[in-house]
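Colleague: Pasting a structure here, questions to come.
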Protein chains: 2
Amino acid sequence: MSYDNAKRASGTAMKTGIQTIHAELIAVLVAVTGSVPRVLTLADGSALPAGPLELTHRSLQAGVRVWVERQTHHPLGYIEQLYTFADPTRGATVSGDQAERSISISYLGLTREIASGGDTVSWQDIYRYFPWEDRRSDPTLIERTIRAEMGRWIGTSAERAARVNACFGLDGSPWNEDLALSRYELLYEMGLVREAARDGQSNGGEFIPGTMMHADHRRILATALSRLRAKIKYRAIVYELMPESFSLLELQRCVEALAGQRLHKSNFRRLLASQNLLEETAHYAPGVGRPAKLFRFRAALLAERAIAGTRLPIARP
Amino acid sequence: MSYDNAKRASGTAMKTGIQTIHAELIAVLVAVTGSVPRVLTLADGSALPAGPLELTHRSLQAGVRVWVERQTHHPLGYIEQLYTFADPTRGATVSGDQAERSISISYLGLTREIASGGDTVSWQDIYRYFPWEDRRSDPTLIERTIRAEMGRWIGTSAERAARVNACFGLDGSPWNEDLALSRYELLYEMGLVREAARDGQSNGGEFIPGTMMHADHRRILATALSRLRAKIKYRAIVYELMPESFSLLELQRCVEALAGQRLHKSNFRRLLASQNLLEETAHYAPGVGRPAKLFRFRAALLAERAIAGTRLPIARP
DNA sequence: TCCATTATACTCATATTGAGTATAAATGAG
DNA sequence: CTCATTTATACTCAATATGAGTATAATGGA
């Protein structure tokens, strides 16, 4: 049973008639501090910040921006729409025989971490929710904790085995960091995350480590992580996550934090050089060892934006 | 003034209070027939098919699928969510002092073209709406028709010049087919598409050739084109657009139709070979000249799905 | 002074791309 | 039946890009 199917199955109040549609904005605010990718959460890390769509908002984007800036007292740089979910079951308050349908529109925003005003608002390590996605120090978590359970789910199905191998980079398939969302959804389908059990999927044994979240917030966070990982490869958006000036190693650590992978130092620098995104400052970062030159992003970058894009074998006239 | 700003400015009925949110699904159905990329439209090509979100739909995806299949009597292969717009102005029926807000959730679907049952339903050449995006035979349309107007908008602003050059591949910048949406939005901002005038943007002179659409359907179509062009480069989705078996040249023509670019024949084939997506059939396509071997997509492809993904300079342990 | 530590510069074999040329297998005109 | 025309495939080769290192340069502290 797929993620969608499971959600459906638990639905009850389906009847045609007068319906109030309730729309909600959900924000995934990401920052990278040191080598830790973090997300802004509510309720002790168990929910993403969300607010109702108000008629005063001129556009969805503007709605999120206003809302987040009020929460964090910090201007929000990059914003991007993630996905819209409309689940008839979730938040279905059947009051007075009138079903309420909820639409959730989620956004990804990039900032730098600052002390948040709110009380229950806190920044959490993203890998708290997806320990298996962080392969920087130990790429074997999956193997050690849950491979046996996955084997049980696979059984003798060649198709299931192929899916698991492609998603988790097992048995010869390469690991692809962009597949974070597919992996979460597959784990849900296998009943190995707690949300699956909560939503009525029975499961025979263990869960994979990782903190559960309210409703499908963890899925939304996985969507954000996937999107962000894919995007850093062809758009210079790390830019929104870095301070004014930084060393090349700091930039590398930031990308590594998001990708969940160690990168090859000199090749990473060669790549940066070829993109012509950075310019030197006159300053050096002190610290242990030889001081590193500090760089900043080229101002012109703001205008260019789009950059390269992948290639097709184009014919010239 | 940006596209969003212009939309906002024309908004009036903004008041907080009881609000009914009306949600609508909009479908961009794409097929490629011969060398023409086509889209399913209503009303003589002036609107995209759209329908209300019904409570009986189990999920948005399912809603679109049901709706489209009822319209076209043909199973829909690939579906992907595009974007959600919530515009307070559009469709704002201020009846009885109650503002109605409309949310549009758009989807991209891929099929093969078949005779559509409906009367006003028809398939239209996508480039009818974006002639400048088709550079297969004549890449100079922009130059010839509208460069002067763009110059007028740019004036002496270096920032505007940089944006135009990056978007349209002028003055040394490379043309990037994925930027179809940015180009449409920029043309709107410049007042060079008719929608801009309709929405209250004054403009001094000419419009760029291209058929106008209802509401912001043309923008949604541009979103679909951008997404599709980006996606064919890293996911094997052309598959949904091709018949059971086909020659390599037919496949090339299909990709060219979507990309709006001619491709280099032998390099395209080398790429295909390296991806291992195809397998030979025993048949040949007759016609003038040497008959071409017919291929089909490998069945295993369905299971693998995700494929490669772009690369980071990864460090090995 | 010399060593641990981090920064930066080079090197080099291999793979991937861009851009063609050469050869093969059909059709139809004369 | 032969040859020009047309399309299909096979190769070639230089220019780049990538993966994986090694070598050398600056620091602060023992």
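Please treat every number below as a calculation from the coordinates, not as lab data. What you are looking at is a predicted structure, and each value in this text was computed from that prediction instead of being measured. Positions of Cβ are backbone-derived with ideal geometry, glycine not excepted, and every protein chain shown enters the neighbour counts.
Colleague: Which distances, in nm and shortest first, link the A:GLY172 label point to the same label point in every other copy, taking 7 Å along Cα→Cβ?
Modeller: 4.8
Colleague: What FRET efficiency would be calculated for the residue pair B:ARG128, B:SER173, taking the C-beta separation as r and a Förster radius of 25 Å, to the nearest 0.05?
Modeller: 0.40
Colleague: For peptide B:232-242, how many partner chain Cβ atoms fall within 10 Å of a residue's Cβ, on average?
Modeller: That works out to 1 on average.
Colleague: Still on this structure, please answer the following. So if R0 is 56 Å, what FRET efficiency would B:ALA300 and B:ARG147 give, r being the distance between their Cβ atoms, rounded to the nearest 0.05?
Modeller: E(calc), rounded to 0.05, equals 0.70.
Colleague: Using the structure shown, select from A:LYS231/B:LYS233; A:LYS233/B:LYS231; A:LYS233/B:LYS233; A:LYS233/A:LYS265; B:LYS233/B:LYS293 the pairs with a Cα to Cα distance greater than 22 angstrom.
Modeller: B:LYS233/B:LYS293
Colleague: Please report A:ILE105, B:ILE114 as a ranked list, fewest other C-beta atoms within 10 angstrom at the top and most at the bottom.
Modeller: B:ILE114, A:ILE105
Colleague: Got the A:GLU69 label distances to the other copies yet, label 7 Å along Cα→Cβ, in nm, shortest first?
Modeller: Nearest to farthest, the other copies are at 4.6 nm.
Colleague: Which length gain, in nm to one decimal place, applies between A:HIS264 and A:THR211 when the Cα-Cα distance is subtracted from 0.36 nm times their residue separation?
Modeller: 16.0 nm
Colleague: Starting from the Cα-Cα distance between A:ARG198 and A:ALA43, subtract it from 0.36 nm times their residue separation and give me the gain in nm to one decimal.
Modeller: Extra length from A:ARG198 to A:ALA43 when fully extended: 54.0 nm.
Colleague: Need one value for A:262-270: mean number of C-beta atoms belonging to other chains within 10 Å of its residues' C-beta atoms.
Modeller: 3
Colleague: Then there is this: Could you line up B:LEU248, B:LEU40, B:LEU225 from fewest to most neighbouring Cβ atoms inside 10 Å?
Modeller: B:LEU248, B:LEU40, B:LEU225
Colleague: How far, in nm, would the chain grow between A:GLU80 and A:SER157 when pulled straight, counting 0.36 nm per residue and subtracting the alpha carbon separation?
Modeller: Length difference between fully extended and current span is 23.9 nm.
Colleague: Give, rounded to the nearest 20 debye, the magnitude of the charge dipole that segment A:133-210 has about its Cα centre when Lys and Arg contribute +1 at Cβ and Asp and Glu contribute -1 at Cβ.
Modeller: Dipole of segment A:133-210, to the nearest 20 debye: 180 debye.
Colleague: Further, regarding this structure: List, shortest first and in nm to one decimal, how far the label point of A:ASP138 (7 Å from Cα along Cα→Cβ) is from its counterparts in the other copies.
Modeller: Spelled out, the distances from A:ASP138's label point are 6.5 nm.
Colleague: Then there is this: I'd like the Kirkwood hydrodynamic radius of segment B:130-210, using the inverse of the mean 1/r over distinct C-alpha pairs, in Å.
Modeller: 12.9
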